[in-house]
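Structure record follows, encoded as structure tokens.
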Amino acid sequence: MAEVRETVSGVDQGKQQQPKPPYGHLSVVCGPMFAGKTTETLKRILWAKNGRGQDIRVYKPAFDQRYARLQIVSHEGLAADAEAVHDWDARTAEIIDAGVAVVFFDEVQFFEAPNFTSDILQIIEELLAAGVDVVCSGLDMDWQGKPFPIIAHMAAKADEVHKLRGVCTVCGRPSTKTYKKTGSGGQIEIGGSELYESRCTIHWAVPDLELTPDLFHGR
């Protein structure tokens with residue numbers, strides 16, 4: 001037991017002694033709905049906080065309250081505390097002054113007007129320039145197959161892009177698209193499995209297409 005206590009103490013000492021790099025590392029976790037994006041983000045939160053002993057901040061868009069108001073929650077029920085934001089105000093300066101190591105933005109594609117009053121791209125640039133690592137997670141495309149501009153921009157600038165795939169609800173093949181069951185409405189409509197499914201490109205484009213041996217040839 002004494003060895004365990006020494007190991008924990010060593011993590012604390014490492015946290016105090018570890019210098020902040022001159023420029024932050026940008027990671028993007030993206031994909032369709034039900035691909036495990038939030039689960040992957042939660043793993044990174046736990047590793048940064050508990051595994052590396054880093055000071056972190058977690059933010060989510062205030063209007064997304066599907067599962068919890070002050071947590072990010074995966075579809076499987078895993079969760080981590082988060083601050084729901086609409087106005088950013090002086091948070092960038094506070095994060096830098098506090099020596100925060102990593103900032104997480106969940107559902108980053110929703111950090112735009114009218115749901116968010118500041119420029120998320122500029123915020124992330126300022127955090128990176130101050131040596132703060134940033135992890136952004138979110139949908140890369142809407143249900144119509146159109147890229148979300150924020151994720152597209154972040155992915156182009158990222159040091160790491162982790163694009164996840166789900167499982168097609170029709171055929172079980174890897175899925176890269178989000179299918180909306182109603183087939184109508186605007187680009188953004190908050191919902192879960194009652195409204196959306198993860199589908200392969202074929203069953204996203206032609207929902208009721210029957211499978212044949214030759215259909216997936218060469219794919």
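Data for the structure
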quantity	calculated
Residue that is under 15 Å from the mean Cα position of the chain (by Cα) and small (Gly, Ala, Ser), where the choices are 113, 79, 101	79
Unmet requirement for residue 100, which otherwise passes all of (1) among the hydrophobic types (A, V, I, L, M, F, W, C); (2) outside any loop (DSSP other than H, G, I, E, B); (3) modelled with pLDDT of 95 or more	(2)
Meets criteria (in contact with a Gly (Cβ under 9 Å, 6 or more places away or on another chain), modelled with pLDDT of 95 or more and over 30 Å from residue 208 (Cα atoms)) for residue 129	yes
Qualifying residue in segment 161-181 (condition: assigned to a helix (DSSP H, G or I), within 27 Å of residue 91 (Cβ to Cβ), under 17 Å from the mean Cα position of the chain (by Cα) and modelled with pLDDT of 90 or more)	no
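The values are calculated or read from the model by the stated rules, or taken from the named source; none is laboratory data. What you see is a predicted model, and the numbers here were worked out from it, not measured in a lab. Counting neighbours? That spans all protein chains shown, and the Cβs are built from the backbone with ideal geometry, glycine included.
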